[in-house]
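Okay, structure first, notes after.
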Amino acid sequence: MKLHELKPAKGSTKRRKRIGRGEGSGHGGTSTRGHKGAQARSGYSRKIGFEGGQMPIQRRLPKFGFNNINRVEYVPVNVATLQAISEKMGVTAIDVEFLKQNGIVSKTALVKVLGNGELKAKLDVKADAFSKSAVSKIEALGGTATTITK
């Protein structure tokens, strides 16, 4: 095989569609836009959700539910994660600032410690909220679970 013998694999390249360049191109006349109608005109842009004049689905279906403006959203951190952090970094005190500095939670997040997983080390944990199982697992090993109040 020589350089001048190289060519792309069959079907991997396509010719560019040259629109409005005469009937001989196969894309002349209406320039692939069909006959008349909004889509044939310049400046046409279909509105989001437009269904050709049929009543759109977002208007056919009723509204339901609500968003609670008082909802407090926490980022969950399991005790298994705390165990992994204490083993990896060799720490016994973990607080929200520590988690934020090490990129485990974002800097605006509220942290809730959950009881999923196994805890083997005695840890002093400070977080925005705790589940009952997390508190029992932390305190069973002689650690402390302190809730931060803002």
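The values are calculated or read from the model by the stated rules, or taken from the named source; none is laboratory data. It should be emphasised that the depicted structure is a prediction, and the values quoted were computed from it without experimental measurement. All Cβ positions, even for glycine, are placed from backbone atoms using ideal geometry, and neighbour counts span all protein chains on display.
The table below lists the values:
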read-out	value
Whichever residue in the range 18-51 is among the aliphatic types (A, V, I, L, M) and assigned to a loop (DSSP other than H, G, I, E, B) and, among such residues, is surrounded by the most Cβ atoms within 10 Å (Cβ to Cβ)	Ile19
Some residue of the range 106-113 being surrounded by fewer than 14 Cβ atoms within 10 Å (Cβ to Cβ) and within 15 Å of Asn78 (Cα to Cα)	no
Cβ pairs under 6 Å, 6+ apart, first in the range 83-106 and without any contact (Cβ under 8 Å) to a residue 40 or more places away in the chain and β-branched (Val, Ile, Thr), second surrounded by 11 or more Cβ atoms within 10 Å (Cβ to Cβ) and outside any loop (DSSP other than H, G, I, E, B)	Ile94/Leu82; Ile94/Val125; Val105/Val75; Val105/Leu99; Val105/Val111
Test result for Val91, surrounded by 17 or more Cβ atoms within 10 Å (Cβ to Cβ) and of a type in the set (A, V, I, L, M)	no
Counted residues, the range 107-137 - those being out of contact with any Phe, Trp or Tyr (no Cβ under 7 Å at 6 or more places or on another chain) and either more than 16 Å from Ile148 (Cβ to Cβ) or touching a residue at least 24 places away in the same chain (Cβ under 8 Å) (or both)	20
Selected residue (only one of Leu119, Leu82 is at pLDDT below 95 and part of a helix (DSSP H, G or I))	Leu82
Number of the exception - Gly142 against (1) in contact with a Lys or Arg (Cβ under 9 Å, 6 or more places away or on another chain); (2) without any contact (Cβ under 8 Å) to a residue 12 or more places away in the chain	(2)
Residue satisfying all of: in the range 64-88; buried (at least 16 other Cβ atoms within 10 Å of the Cβ) and more than 21 Å from the chain's Cα centre (by Cα); nearest to Ser133 (Cα to Cα) among these	Val79
Pair list, Cβ < 7 Å and 6+ apart or interchain, from the range 37-63 residues that are at negative phi to residues that are at pLDDT 95 or above and not basic (Lys, Arg)	Phe50/Pro56
Within the range 127-144, considering residues that are part of a strand (DSSP E or B) and surrounded by fewer than 19 Cβ atoms within 10 Å (Cβ to Cβ), the one nearest to the chain's Cα centre (by Cα)	Ala129
